[in-house]
C-alpha cells in the first residue's frame, strides 16, 4: 500500500503510532483517501483524508521533528539545503514534505529554515484516466497535436495529478482516437510529477517523455528545447515573468505547451501580470477551469481563443 512506503521517514515513535492505526484501526478505504500527514511541534499528530481528519492523542515532540527531518534528508540535511530554502522537500514517490520554522534571510535571500516547527507530508497519487474529460479540449485531431492549454484551479483540486495523466496520454498516444504519441519535455521543478529517483521516473509519465527535475521552469524549458527537441512542453504552476518568456520562446519554436496555474476565474489569473501578459499575447488557445470537487478531473468551464477577434469565449 502507498502509505506504508512513508512510514520509514518518520521518527520511531511516530512510525509506531501511524503504523498501528493503519494496521489495526483504519478502514480499508482510508488507505487511498489519505492526503496529508501533519506533524507540528507540541501539538497532536493529524492525518487528513479526502473528507475528514484523524486527530491523535499523541503529541509531537521537537525530537520527533528533528529525527523525521534527518530521515527525509538521508542524514545529510546540508545536501538538501536548497530544497529546505524553498520550503519543501520532495521524497521518493513524488510525495512533498512542506517545512515551516524560523526563516533565515541574508542579503534579501532565504538561506535556511531552522528551528523547524512543522512538517506536512502531502501524499502524491497517480490516478490513471483522471484527465479523460479534458482530452477533447486539449487534443487537436486535425494535425495530431495539442492546443496550448492552461489548466486552472484552486490549490488541492488536482492540477498536478491531471497534468501527469495528460503527459502520459499524450506521450503514449491514444489508440481509441487514433492519436499518435508525441515527444514531451516535462519540467518537473519540485519533483512531484515524474518523481525521478536516481534517473528513473517513479510515476508513469509515458514512453516519449523526457524530464528535467529540480530546475526552475524557465531554465528547464529552454534546456529541453535546445537538447531534446520536444513537440510538447509541460510544466506545473507557472506564474513568473521568466516562465512566460520561456513559454513564448517555445511557442515561437513551433512547440506546443500544457501548463497549470492557481486561480478560479479569468479575473483571478489576470491579477498576475505575467499570466495576464501570456493571455494577452494570444499564446494560450485553451483555458480549462477545474471544478472544486473531490473527484479529480471534473471541469467547471472551458475557454477557447477565438482566432477572429482574439478574445476568449466559452467553448
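The values are calculated or read from the model by the stated rules, or taken from the named source; none is laboratory data. Not measured: the values here are computed from a predicted model. Positions of Cβ are backbone-derived with ideal geometry, glycine not excepted, and every protein chain shown enters the neighbour counts.
Have a look at 159, 154 and point out the one that is surrounded by fewer than 20 Cβ atoms within 10 Å (Cβ to Cβ), within 18 Å of residue 301 (Cβ to Cβ) and assigned by TED's automatic domain parsing to the domain that holds residue 207.
Sole residue among the options that is surrounded by fewer than 20 Cβ atoms within 10 Å (Cβ to Cβ), within 18 Å of residue 301 (Cβ to Cβ) and assigned by TED's automatic domain parsing to the domain that holds residue 207: 154.
If I ask for residues that are surrounded by fewer than 24 Cβ atoms within 10 Å (Cβ to Cβ), in contact (Cβ under 8 Å) with a residue 40 or more places away in the chain and closer than 21 Å to residue 255 by Cβ, which ones from the stretch 169-193 would you list?
Correct list: 179, 182, 183, 189.
Just the residues that are surrounded by 19 or more Cβ atoms within 10 Å (Cβ to Cβ) and out of contact with any helix residue (DSSP H, G or I) (no Cβ under 8 Å at 6 or more places or on another chain), please, taken from the stretch 54-82.
If the condition is that a residue be surrounded by 19 or more Cβ atoms within 10 Å (Cβ to Cβ) and out of contact with any helix residue (DSSP H, G or I) (no Cβ under 8 Å at 6 or more places or on another chain), then 65 is the only one that fits.
I'm checking my understanding of the structure. Among residues of the stretch 216-230 that are assigned to a loop (DSSP other than H, G, I, E, B) and out of contact with any strand residue (DSSP E or B) (no Cβ under 7 Å at 6 or more places or on another chain), which one is surrounded by the fewest Cβ atoms within 10 Å (Cβ to Cβ)?
For the stretch 216-230, the residue satisfying everything is 229.
Return a yes/no flag: does the stretch 284-307 have any residue that is over 26 Å from residue 132 (Cβ atoms), touching a residue at least 12 places away in the same chain (Cβ under 8 Å) and surrounded by 12 or more Cβ atoms within 10 Å (Cβ to Cβ).
Among the residues of the stretch 284-307, not one is over 26 Å from residue 132 (Cβ atoms), touching a residue at least 12 places away in the same chain (Cβ under 8 Å) and surrounded by 12 or more Cβ atoms within 10 Å (Cβ to Cβ), which makes the answer no.
Could you list, in sequence order, all residues of the stretch 118-145 that are in a loop (DSSP other than H, G, I, E, B) and within 30 Å of residue 64 (Cα to Cα)?
Within the stretch 118-145, 123, 124, 125, 126 meet the criteria.
For the stretch 261-288, give me each residue that is outside any helix (DSSP H, G or I) and on the phi < 0 side of the Ramachandran plot.
Correct list: 261, 262, 264, 265, 272, 281, 283, 284, 285, 286, 287, 288.
Taking residue 264, is it assigned by TED's automatic domain parsing to the domain that holds residue 140 and touching a strand residue (DSSP E or B) at 6+ places or on another chain (Cβ under 9 Å)?
Criteria met by residue 264.
Please enumerate the residues belonging to the stretch 1-12 that are part of a loop (DSSP other than H, G, I, E, B), buried (at least 16 other Cβ atoms within 10 Å of the Cβ) and either outside the structural domain of residue 69 (by TED's automatic domain parsing) or within 25 Å of the chain's Cα centre (by Cα) (or both).
The answer is 10, and nothing else.
Give the number of residues within the stretch 13-50 that are modelled with pLDDT of 95 or more and assigned to a loop (DSSP other than H, G, I, E, B).
Total meeting the criteria: 3.
When you look at residue 264, is it farther than 23 Å from residue 173 by Cβ and surrounded by fewer than 21 Cβ atoms within 10 Å (Cβ to Cβ), yes or no?
Yes, satisfied.
Counting only residues that are surrounded by fewer than 19 Cβ atoms within 10 Å (Cβ to Cβ) and modelled with pLDDT of 90 or more, which one in the stretch 84-102 is nearest to residue 196 (Cα to Cα)?
Restricting to residues being surrounded by fewer than 19 Cβ atoms within 10 Å (Cβ to Cβ) and modelled with pLDDT of 90 or more, the top hit is 98.
Restricting attention to the stretch 282-294, does a residue exist that is in contact with a helix residue (DSSP H, G or I) (Cβ under 9 Å, 6 or more places away or on another chain) and over 18 Å from residue 138 (Cβ atoms)?
So far as the stretch 282-294 goes, no, none of its residues is in contact with a helix residue (DSSP H, G or I) (Cβ under 9 Å, 6 or more places away or on another chain) and over 18 Å from residue 138 (Cβ atoms).
Starting from residues that are in a strand (DSSP E or B) and in contact with a helix residue (DSSP H, G or I) (Cβ under 9 Å, 6 or more places away or on another chain), keep the ones in the stretch 83-100 and report whichever is nearest to residue 202 (Cα to Cα).
90
When you check residue 15 against the structure, is it within 21 Å of the chain's Cα centre (by Cα), in the same structural domain as residue 71 (by TED's automatic domain parsing) and under 20 Å from residue 69 (Cα atoms), yes or no?
Here the answer is no, as residue 15 does not meet what is asked.
If residue 310 passes every condition in (1) farther than 21 Å from residue 157 by Cα; (2) modelled with pLDDT of 95 or more but one, which one does it miss?
If we test residue 310 against (1) farther than 21 Å from residue 157 by Cα; (2) modelled with pLDDT of 95 or more, just (2) comes out false.
Would you point out which residue out of 210, 204 is touching a helix residue (DSSP H, G or I) at 6+ places or on another chain (Cβ under 9 Å), surrounded by fewer than 19 Cβ atoms within 10 Å (Cβ to Cβ) and part of a strand (DSSP E or B)?
One residue alone meets the criteria, 210.
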